[in-house]
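Some notes on the structure that comes next.
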Amino acid sequence: MHAIEVNQVSKSFGVVQAVDGVSFSVGTGEIFGLLGPNGAGKTTIIRLILDLFKPDQGEVSILGGPMTEAKKNRVGYMPEERGLYQDDTLESILVYLATLKGIPSSEAHHRAEDYLVRFDLAAYRKKKVKELSKGMQQKAQIIATLLHRPELIIIDEPFSGLDPINTQMVKDLLLELHRQGSTIVMSTHQMHQVEELCERILLINHGRLVLYGDLDNIRRQYAGHAVLVRVAGELPPLAGVETVAAHNESQRLNLSPQADPQDVLRQLLERKIAVEQFEIATPTLDEIFIQVVKEAPARP
């Protein structure tokens, strides 16, 4: 079963075509990356999924059918534009937002306490939201998104404003929710976080789908004809290697079109060279993102 199904959806605002015939699905229980440059249409797609916007064309199915008021309580959404009431205390606003999702006040207090302790915010429970740092407000927004234990979680830039320790804390929580069966849609510009967390991705540009599918398959698809090698000592000249470039602690060997990577490895072993690393070079998601966005045609 799919948690989300989007079928040939389009949405315009006046003369601006924000989303143009996009189709994709998100499987129940997966972590899915929704990617694209600024202004690509990501936020519009999220709002179409949440039934905040109605599509001009196409259909959206969420949790097995059209969005309903009851289903909204099964969804947690954290927008990029943060929305906690600044003059309320941290604990009171968390409890209030949970009750709007159908959680009894006493249970909401209990859950809020657990999260406040986990996110090192317990000492700030009586502070007004506006008195908290940006990172604290970010953690509070995440708690508000998750407090009612949604089946479907949609989060926009979840790591914004977080230091490395709190970033890891949020990542651990997302992976924990994933193991428990939650479906997570994550929109972010931090490609290394997508590579660590997401199984499949959708990349849109100018409102159109330009890349979609399994992340590992996409990386293999965009892999060049090259290998990463680290050896003990000097790397000798090798048949089939056109150029050599430093790559972190390794060397990237760019091969001729006819060369077989296994032949390169065989040459090294035949020369009794101690090979510490040998792998097919695959591009980072950052590199793929830049390449695809540059190559994608602009909207007419």
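Laboratory data are not the source of any read-out in this text; all were calculated from the coordinates shown. Keep in mind that what you see is a predicted model, and the values were worked out from it rather than measured. Backbone-built Cβ (ideal geometry, glycine too); neighbour counts: all protein chains shown.
Details
- A full extension of the chain between N217 and E276 corresponds to an added length of 18.7 nm, given 0.36 nm per residue minus the alpha carbon distance.
- Largest-first ellipsoid semi-axes for the stretch 190-300, taking √(5λ) over the Cα gyration tensor eigenvalues, angstrom: 33, 15, 11
- Per residue, the convex hull around the alpha carbon atoms of the stretch 78-149 comes to 78 Å³.
- Mean projected area in nm² (Cα convex hull; one quarter of hull surface) for the stretch 62-215: 9.9
- Cα-based Rg of the stretch 1-118 normalised by 2.2 N^0.38 Å, two decimals: 1.25
- Amide H contacts under 5 Å for V19, placed H, 5+ residues apart: K11
- In sequence order, calculated HN-Hα J values of the stretch 219-233 (Karplus, 6.51, -1.76, 1.60; Hz; x Gly/Pro): 5, 5, 4, 9, 5, x, 8, 8, 10, 9, 10, 9, 10, 7, x
- For the pair D286 and S160 in one chain, pulling the backbone fully straight at 0.36 nm per residue adds 43.6 nm over the alpha carbon distance.
- Between 0 and 90°, nearest 10: helix 285-295 axis offset from the chain longest Cα axis: 90
- Semi-axes of the equivalent ellipsoid for the chain, computed as √(5λ) from the eigenvalues of its C-alpha gyration tensor and ordered from largest down, come to 43, 26, 16 Å.
- Computed log10 I(q)/I(0) for the stretch 224-281 at 0.25, 0.27 Å⁻¹: -1.05, -1.24, from the Debye equation with unit scatterers placed on every C-alpha and solvent omitted.
- Taking Cα atoms only, the orientation of helix 134-146 departs from the longest principal axis of the chain by about 70 degrees.
- Here the spin labels are modelled as points 7 Å beyond Cα on the Cα-Cβ line, and at D120 and E176 they lie 1.5 nm apart.
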